[in-house]
Every structure is written in structure tokens, then in C-alpha cells.
Amino acid sequence: MKFVLETNSERETLHIPEYGRHIQKLVNNCKEIEDDELRNKMAKAIVEVMGNLQPHLRDIPDFSHKLWDQLFIIADFDLDVDSPHEKLTREEIQAKPKKLAYPQNPSKYRFYGNNIQIMINEAVNWEEGEMRETLSYTIANHMKKCFLNWNKDTVDDDVIFKHLLDLSDGKIDMFNKEVELSPTSVLLKKKTPNSKHKKKNNNKKHNGRKRW
């Protein structure tokens with residue numbers, strides 16, 4: 001008696017390893033069936049088995065469509081059956097996605113970040129009035145905070161107003177508004193997460209002292 005041993009390196013490459021080699025063999029057998037009706041019937045049965053092997057896919061929209069796409073992938077796109085969905089082609093799956101456009105206009109003042117420029121552009125489109133002035137003041141305060149995070153020293157409000165005027169192309173001018181931004185001590189004030197906890201513990205210790 002001779003035993004024929006097979007190693008994985010000698011076996012056919014699995015197109016979707018998650019389904020295992022038995023599904024791959026079933027699909028290969030389905031491809032060899034000459035009768036169209038029987039081949040379609042077996043393909044539907046294979047899809048049902050695949051659905052049972054991947055129950056987590058049931059929460060995904062178009063669950064059936066995904067299973068049929070995977071069936072054609074396992075068959076190496078060489079399976080002539082009637083799919084209830086549009087057949088997936090090799091060209092579609094091998095198509096490279098378009099490259100994402102990388103921003104080519106970096107901010108002149110990088111320490112403010114890109115979101116500041118988005119906020120400024122939004123404020124510029126607002127109508128003149130109290131709402132726009134309030135938003136401009138909020139943006140200026142945030143710019144001052146960003147500046148102080150980058151430079152721990154201090155910064156004059158006029159510097160922030162100048163940068164805001166520059167970033168808004170001269171459309172937001174706060175030099176003549178006679179407003180003052182929040183002081184540095186307030187913007188850089190940080191609360192330690194354990195300060196309240198320590199305070200409570202100290203109170204407990206004080207209240208728990210014995211009186212003689």
C-alpha cells in the first residue's frame with residue numbers, strides 16, 4: 001500500500017484562505033459541471049455554505065452580493081453561472097485606486113494648524129455683524145492659544161491680529177475693535193487630573209482625625 005502525501009507548497013493556492021480548501025475544491029468541481037442547470041444549482045449551494053462559514057458578514061449591507069463576489073474570486077473569475085448580482089470582473093478587483101490629492105498650499109503659519117484656516121475661511125463668508133465678530137474673537141483666542149503652545153513665552157495681541165489679518169486676506173481686521181484677548185495665564189492654565197481627588201482625600205483625613 002502506498003500513501004501519497006501532499007504538502008501545502010504542492011497544493012493549489014487558496015484565493016480566499018478564510019473559506020478553506022474544501023470550498024476551493026467544491027468551486028473547482030462546480031466549474032467542471034457541463035450541465036448549466038446543475039452548475040447553477042451547485043453554485044447557489046456553495047454560496048449558502050459560505051454564508052454559514054462567515055456569519056459575521058450578515059451584518060454587512062449587500063451580504064448576498066459580497067458572497068457571490070467572493071465565489072467568483074475563488075473560481076479565479078472562470079465560473080459560468082447566473083449570478084443574482086452584477087458579476088465581479090478581474091479588472092475591477094485589480095484596478096488601482098486613484099491617488100489622494102495632497103494639499104499643495106501649506107499654511108504660512110504652521111503652528112496654527114490647518115483647521116484655523118478653515119475656520120477663518122468660514123468666518124469670512126459670514127455677514128458683517130455681531131455673530132461674525134464673536135466668531136472672529138473666538139478664532140483669535142484659539143490662535144493665541146496655539147501660538148503659546150508653540151512658544152511658551154508670551155505674545156502680544158497685535159501679533160495675533162496681524163496674523164489673522166494676513167490669513168484672512170485683509171478681510172478680518174481686529175485692530176480697531178478695541179478688544180483684548182484672553183490673558184496668557186488663562187489660556188495656558190492646566191488642571192491636574194488628581195487635584196480634586198487629592199483635595200477629597202485631604203478632607204477625609206481632616207474629618208477623620210480624633211479629638212482628644
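The values are calculated or read from the model by the stated rules, or taken from the named source; none is laboratory data. Computed from a prediction, not measured in an experiment: that's the story for all the values here. Glycine also receives a Cβ, built like all others from the backbone with ideal geometry; neighbour counts cover every protein chain displayed.
List the helices (runs of 4 or more DSSP H) that sit entirely inside segment 1-93 and contain at least 1 residues that are β-branched (Val, Ile, Thr) and more than 35 Å from the chain's Cα centre (by Cα).
Of the helices (runs of 4 or more DSSP H) lying wholly inside segment 1-93, those with at least 1 residues that are β-branched (Val, Ile, Thr) and more than 35 Å from the chain's Cα centre (by Cα) span 20-32.
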Can you tell me which residues in segment 150-171 are out of contact with any Leu (no Cβ under 8 Å at 6 or more places or on another chain) and part of a helix (DSSP H, G or I)?
TRP150, ASP158, VAL159, PHE161, LYS162, HIS163, LEU164, LEU165, ASP166, LEU167
Looking at ASP62 and the list (1) at negative phi; (2) surrounded by fewer than 12 Cβ atoms within 10 Å (Cβ to Cβ), which single condition is not satisfied?
(1)
Among LYS199, LYS177, which is outside the structural domain of MET119 (by TED's automatic domain parsing) and modelled with pLDDT under 90?
LYS199
